[in-house]
Amino acid sequence: NAGVTQTPKFRVLKTGQSMTLLCAQDMNHEYMYWYRQDPGMGLRLIHYSVGEGTTAKGEVPDGYNVSRLKKQNFLLGLESAAPSQTSVYFCASSYPLTSGINYWYEQYFGPGTRLTVT
Amino acid sequence: GENVEQHPSTLSVQEGDSAVIKCTYSDSASNYFPWYKQELGKGPQLIIDIRSNVGEKKDQRIAVTLNKTAKHFSLHITETQPEDSAVYFCAATHSGYSTLTFGKGTMLLVSP
């Protein structure tokens with residue numbers, strides 16, 4: 001299994017350009033996430049999906065859109081890139097761990113996409 | 001919502017020493033606390049987690065402790081090795097929630 005893969009690995013954009021980041025997972029996970037990682041800021045959730053055809057906003061959703069047309073894929077779009085969106089973007093997927101009546105979601109991360117907006 | 005504070009932001013140790021990273025959380029309902037290790041140029045990888053029904057969990061050289069009363073949990077690495085050098089993230093959530101709240105990370109440097 002490849003796990004979680006991300007395309008592309010690196011990208012440089014000019015301000016105002018658009019692009020789509022692709023995340024794919026082969027673990028049949030229902031849940032998928034997009035994070036951004038900036039120095040000193042940790043991992044911040046952009047958007048997530050609890051299943052095919054569903055999306056929800058995370059902590060920092062402004063300037064991004066997402067789509068989950070297929071269970072295995074989660075796309076992150078930047079319609080008009082800004083320098084503030086220069087970051088490393090990580091995708092993750094998860095499945096529930098159950099213990100009695102409780103359940104939690106163990107997340108598996110992809111290798112990341114380094115995006116620079118000039 | 002949940003807020004997770006992580007300290008220290010950087011930690012330098014000599015090979016063979018122990019390292020301790022501490023996190024505090026704000027939501028008393030949180031009951032799942034995973035730790036992730038991120039090596040340079042890679043995505044975070046889950047290394048250990050603890051649930052609120054136990055106070056300590058060990059896996060070889062790493063252990064995590066949880067103090068629910070004080071709302072803090074810690075990662076302990078014994079006999080550190082250069083390959084332990086990485087950024088470590090703590091996180092918290094509670095049962096049924098599909099999202100995690102992460103701390104800002106600790107860069108651990110282990111010198112030979």
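Within the stretch A:108-118, track down each residue that is more than 7 Å from chain B (Cβ to nearest Cβ) and in a strand (DSSP E or B). Give the steps one after another, and end with the answer.
First, the residues of the stretch A:108-118 that are more than 7 Å from chain B (Cβ to nearest Cβ): A:108, A:113-118.
Across the stretch A:108-118, the qualifying residues are A:Tyr108, A:Thr113, A:Arg114, A:Leu115, A:Thr116, A:Val117.
Checked against the criteria, B:Ala92 does not count as loosely packed, with under 14 Cβ neighbours inside 10 Å and under 21 Å from A:Ser94 (Cβ atoms). With respect to the stated conditions, A:Met41 is within 11 Å of another protein chain (Cβ to nearest Cβ) and surrounded by fewer than 17 Cβ atoms within 10 Å (Cβ to Cβ).
Counting only strands (runs of 3 or more DSSP E) that sit completely within the stretch B:32-112, those holding 3 or more residues that are touching a His at 6+ places or on another chain (Cβ under 9 Å) and of a type in the set (A, V, I, L, M, F, W, C) correspond to B:62-67.
On the given criteria, is A:Gln17 at negative phi, of a type outside the set (Ser, Thr, Tyr) and crowded, with 16+ Cβ neighbours inside 10 Å?
Values: at negative phi: yes; of a type outside the set (Ser, Thr, Tyr): yes; crowded, with 16+ Cβ neighbours inside 10 Å: no.
Taking the combined requirement at face value, the residue does not satisfy it.
Remark: pairs (first residue in the stretch B:49-62, β-branched (Val, Ile, Thr); second residue surrounded by 15 or more Cβ atoms within 10 Å (Cβ to Cβ); Cβ separation under 6 Å; 6+ apart in sequence or on different chains) = B:Ile50/B:Phe33; B:Ile50/B:Lys57; B:Ile50/B:Val64; B:Ile50/B:Leu66; B:Ile62/B:Ile48; B:Ile62/B:Ile77.
Can you find, within the stretch A:74-107, the residue that is nearest to the other protein chains (Cβ to nearest Cβ) among those that are within 16 Å of B:Tyr32 (Cα to Cα) and open to solvent by 60 Å² or more (accessible area, probe 1.4 Å)? Steps first, please.
Keep residues of the stretch A:74-107 that are within 16 Å of B:Tyr32 (Cα to Cα), which gives A:94-107.
Still in the list and also open to solvent by 60 Å² or more (accessible area, probe 1.4 Å): A:95-96, A:98, A:100-101, A:103.
Numbers: A:Tyr95: 10, A:Pro96: 8, A:Thr98: 10, A:Gly100: 9, A:Ile101: 8, A:Tyr103: 6 Å.
Applying the filter and picking the extreme gives A:Tyr103.
If only residues of the stretch B:37-64 that are within 11 Å of the chain's Cα centre (by Cα) and at the interface with another protein chain (Cβ under 8 Å from one of its Cβ atoms) are counted, the one that is least open to solvent (accessible area, probe 1.4 Å) is B:Asp49.
Within the stretch B:23-36, track down each residue that is closer than 18 Å to A:Asn102 by Cβ, of a type in the set (Ser, Thr, Tyr) and within 11 Å of chain A (Cβ to nearest Cβ). Before the answer, list the steps.
Going through the stretch B:23-36, the residues closer than 18 Å to A:Asn102 by Cβ turn out to be B:25, B:27-34.
Imposing the further condition that a residue be of a type in the set (Ser, Thr, Tyr) reduces the set to B:25, B:28, B:30, B:32.
Hits for the stretch B:23-36 are B:Ser30, B:Tyr32.
Listed by first and then second residue, the pairs linking a residue in the stretch B:77-103 that is over 18 Å from A:Gln37 (Cβ atoms) and more than 14 Å from chain A (Cβ to nearest Cβ) to a residue that is open to solvent by less than 30 Å² (accessible area, probe 1.4 Å) and among the charged types (D, E, K, R), with Cβ atoms under 8 Å apart and 6 or more places separating them unless they lie on different chains, are B:Ile77/B:Asp84. Inspection of the stretch A:50-72 finds no residue satisfying the criterion of being under 20 Å from B:His94 (Cα atoms), touching a Gly at 6+ places or on another chain (Cβ under 7 Å) and in a strand (DSSP E or B).
Among the residues of the stretch A:44-54, write down those that are open to solvent by 40 Å² or more (accessible area, probe 1.4 Å) and more than 11 Å from the chain's Cα centre (by Cα). Steps first, please.
Step one: list which residues in the stretch A:44-54 are open to solvent by 40 Å² or more (accessible area, probe 1.4 Å), which gives A:44, A:48, A:50, A:52-54.
Result: A:Val50, A:Glu52, A:Gly53, A:Thr54.
The values are calculated or read from the model by the stated rules, or taken from the named source; none is laboratory data. Owing to the predicted nature of the structure, the values given are computational and were not obtained by experimental measurement. Cβ coordinates were reconstructed from backbone atoms using ideal geometry, including for glycine residues, and neighbour counts include every protein chain displayed. Each accessible area value is taken on the protein alone, full model and side chains, heavy atoms only, with ligands, DNA and RNA left out. Shrake-Rupley method; radii C 1.70, N 1.55, O 1.52, S 1.80 Å.
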